[in-house]
Structures are given as C-alpha cells and as structure tokens.
Amino acid sequence: MRESLTVPPQHHGIALDRFLALRFPRVPRAQLRALLRRGAVRVDGVVHNGGRALRRFALVEIDGGEEAWRERREPPPTFEVLRETGSVLFVSKPPGIAVSAERWAKEAPHLLGMLRERFGEESGGSLRPRLAHRLDRDTSGVLAVALTGEAERELRTQFEDREAEKTYLALVDGEVPGEEGTVDLPLGEDPRRLGRMQVDREGKEAFTAYRVEERFRGFTWLRVRPRTGRTHQIRVHLAARGFPLSVDPLYGRRDALFLSEVKPGYKRKPGGAERPLLSRTALHALSLAVRVGGERVEVECPLPEDLGRVLRELRRHRPKGGARP
C-alpha cells in the first residue's frame, strides 16, 4: 500500500509522527511507528523518523510494502459517567482521545465535544459542560467536568490552589529503590521541540510524590501524587529520576510494549506480526478528590483493560514480590 501526502499550511512545524497519526486516526499508532522505524516514510525523498518537523507543502511518501496497514473499522471512542453531583460530572476518560479540540486536529472527536453532544443543547439538554482540568490524550482515568459556571470557578480555584487531591498509577522501566520518594524539579517548555517539556531551573515549580505498589524484574508499578499540575509533570519527573514510563514515545525508551519484552523465551507465531501489549502512555488517573458545593467528593476510576493485561503478564513472567495488599 502506498500513499503520497502534501503537508497543508496549517500543519507547518508539526512532527512527522504526529502528522501521520492525524492523517490516519484509525491506524494503530504502533503500526505507524513501525513504518517509521523501518524507513518506509520519506519526506521530500529523504527517509526520516517521527521527530522531524514538517514544512508546509512538503511531500510525505509512505510505502507499506507487503504488509497491509489499512485503517481499522472501530466504533468511536466513548466515555463512562462515574458519578454526577448535579453541578459536576466525573467521567472515565478513555486513552487515545483528547479532552478538547487540538490545534492540529480541530475536526477530530474530543471528549468535551462528546459531552456537549450528550448533555448540551445539541441533544436537547440545557447543560454546558466545561473543563476545569485536563488529562493527556493517551492517559486514561477520572476527569471532573463542570456543568455550571459556578462549579467551573470552584474547581479551577482548587486546582490552582493545589487543593485538589490527584492520584495516578504508573508503570515505569527499572526497579525503583526504596518504598517511596519525591521529585522536586521545576519544569518549562523544551525550546527544541514543540509540545515537549523539560526540567528547567528557571521554569515553574513542580512537585511529585510516589510510592511503590508492586515490583517486577525490570519494571515497577507506582502510585503517584502530583502536588502541582504542570504539563506532562509525572512523565518528565519520573524520566528525570531515571524511571520513565514503560510506554512513552516523548520521554521514555519505547512507543509500545510487547510480550516479547516481558516473557522469557517468547516465540513469535510464524507469519504473524506481534501485537503490542500496550501502545499508549502507561499512566492512569486513578482517583480525584475535590470540593463540590463545599462538600468533599472523591471518585475512583477502575483500571482499564490494557493496563490490567500488562500487569497480569508481568505477574506471570516477571514476579519479584513487594506487592501491597
């Protein structure tokens, strides 16, 4: 399968891997990354990896070779309402969907648009869902959505004043020493790559606490509590400590985790390509506690199937003990 694409002016400066993900939203990202690693993507006749920033009107050519990488027919992403208080919705955000329209993909489905379709005027309702905080596109978990202007102001104030209590679960590479720790490093934008953050002594203060939940050979399952709410804070802080998320194409060592990296003596089935165990960031927003109308409300979001599957394989093939009850 071959494709030739011209980069439109509005996508000037976007990274090549991001451009491909936007152009082919139903193609698995791991499959697109495999094309890049294999050298099957050329920009103006030159093979490049996913980090290249594209210029307007550049010619992107893709040669899929023998493998079919057609777009998958999948149902549109959806969300689950975990709890409703009347003025605030707590929803389970699935991975792979942005919370609001993105600069480079304004027409792509996003959670806020889906909420407004279900509860807003478009569906005959009178509510106007509003975001008070955010989760990264590939992070799953609990998200609070205000239904009134007053609730939005109340929630935003709590996040800005660091009163909201946020807990995440993260799978990281390496065996984290000790039972708990903290990271206190300021963060700022990386001037070398749009959308990336870095430790910056002149940046904004950022503080993250973590605790070991379960240990494996070569991996650690962490419970993480960020006190501040900087962009990509947990991802940058854990990577700065030498324990990046096990799947994180921006700050980690891989863009997908395969069973062959977990199971000793793994043998691939003849004629078949190995599918990843996990092909999105290994981070889940487990719980959120905020005040709603002056009363404390805490909501927890169950672990999604993809992360649960990874943990089952690690417990089967790389047990080390140290799990908390």
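The values are calculated or read from the model by the stated rules, or taken from the named source; none is laboratory data. The shown structure was predicted, so the numbers you read here are calculated from the model rather than taken from an experiment. Virtual Cβ from ideal backbone geometry, glycine too; neighbours counted across all protein chains shown. Side chains are part of the model used for accessible areas, which takes the heavy atoms of the whole protein and leaves out ligands, DNA and RNA. Shrake-Rupley method; radii C 1.70, N 1.55, O 1.52, S 1.80 Å.
Using a 1.4 angstrom probe on the protein heavy atoms only, line up 200, 44 by accessible area, largest first.
Reading off the accessible areas and sorting them downward yields 44, 200.
Pairs of Lys residues in the chain are counted when their Cα atoms are under 24 angstrom apart and they lie 8 or more places apart or on different chains; the count is 5.
Nearest 20 debye, what's the magnitude of the dipole of the chain about its Cα centre given +1 on Lys and Arg Cβ and -1 on Asp and Glu Cβ? If you can, show how the numbers build up before the last one.
Numbers: 60 positive and 47 negative charges, 223 e Å.
The calculation lands at about 1060 debye.
Treating each Cα of the chain as an identical point scatterer and summing with the Debye formula, the log10 of I(q)/I(0) at q = 0.11, 0.13 Å⁻¹ comes to -0.79, -1.10. Between region 204-252 and region 274-325, what's the alpha-carbon centroid distance in Å? Each part's Cα centre sits 13 Å from the other's. Shown is the FRET efficiency for residue 161 and residue 22, computed with R0 = 25 Å from the Cβ-Cβ distance and rounded to the nearest 0.05: 0.10. Taking all protein chains as they are arranged and a probe of 1.4 Å, the heavy atoms of residue 279 leave approximately 50 Å² accessible to solvent. Please list, by residue number, everything in region 171-191 whose backbone N is under 13 Å from a paramagnetic label point 7 Å out along Cα→Cβ of residue 228. So the set is 183-189. Rounded to the nearest 10 square angstrom, residue 42 shows an accessible area of 70 square angstrom against a 1.4 Å probe.
Springs between alpha-carbon atoms under 10 Å, Gaussian network over the chain: tell me which of 188, 50, 294 tops the mean-square fluctuations. Fluctuation is largest for 294.
Here the accessible area of the chain is 45 percent carbon and sulfur, with a 1.4 angstrom probe and all protein chains present.
With the highest mean first, a sort of the peptides 82-90, 135-143 on other beta-carbon atoms found within 10 angstrom per residue produces 135-143, 82-90. Average accessible surface for the chain: 53 Å² per residue, computed with a 1.4 Å probe over protein heavy atoms with every protein chain in place. Computed from backbone phi, the HN-Hα couplings of region 216-221 come to 9, 5, x, 9, 9, 9 Hz, rounded to whole numbers (Karplus: 6.51 cos²θ - 1.76 cosθ + 1.60, θ = phi - 60°; Gly and Pro given as x). Please work out how much accessible surface residue 189 shows to a 1.4 Å probe, ignoring ligands, DNA and RNA, in Å² rounded to 10. We get 140 Å² for residue 189. Here's how it looks for residue 248: its modeled amide H is under 5 Å from those of 253, 254, which are all 5 or more places away or on a different chain. 3J(HN,Hα) along region 224-241: 10, 10, x, 7, 9, x, 6, 4, 6, 4, 4, 4, 6, 5, 5, 5, 5, 7 Hz, from the Karplus curve 6.51 cos²θ - 1.76 cosθ + 1.60 with θ = phi - 60°, whole Hz, x for Gly and Pro.
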